[in-house]
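Chemist: Let me begin by handing over the structure; questions about it come next.
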Amino acid sequence: MMNISIDRLSPGETGKVVRINAAGDLRQRLLAVGILPGVEIELVRIAPLGDPLDFELCDFHLSMRKNEARNIIVERFNHHGRRGRRKRRHWHW
């Protein structure tokens, strides 16, 4: 598998966090919201102008700027996640 930063994922792609390249306050914030090595994270959608990015991890959504996302390195799984199937879509009313 190939290791990339999470800002390079396509919507629907999933990866497992391998490393966090941030330091200081940013690193502490990422760790505090649950971005830890070994956690699976999926890029759900990208804002129309390309920033921010919406991720799903540990059953919650997290929006993050691209420049913050570049600090998180993941091992990319196949296009539809590790299990090779799409996740159920969540409809918002």
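Chemist: Taking 0.36 nm per intervening residue step and subtracting the Cα-Cα distance, what contour gain separates ASP25 from SER5 on full extension? Each step should come with its number before you reach the end.
Modeler: Values: separation 20, 0.36 × 20 = 7.20 nm, distance 1.91 nm.
Separation in residues times 0.36 nm, less the Cα-Cα distance, equals 5.3 nm.
Chemist: Which ³J(HN,Hα) values in Hz, rounded to whole numbers, follow from the phi angles of the stretch 32-44 under the Karplus curve 6.51 cos²θ - 1.76 cosθ + 1.60, where θ = phi - 60° and Gly and Pro get x?
Modeler: So the J values, rounded to whole Hz, are 5, 8, x, 7, 10, x, x, 7, 7, 9, 10, 7, 8.
Chemist: Can you work out the PRE-style zone for ASN67? Point 7 Å along Cα to Cβ, and I want the residues of the stretch 27-49 with backbone N under 15 Å.
Modeler: The answer is 27.
Read-outs: derived from the displayed coordinates by stated rules, not from any lab. Every value quoted in this text rests on a predicted model; they were computed, and no experiment measured them. Methodologically, a virtual Cβ is constructed for each residue, glycine included, from the backbone with ideal geometry; neighbour enumeration extends over all protein chains shown.
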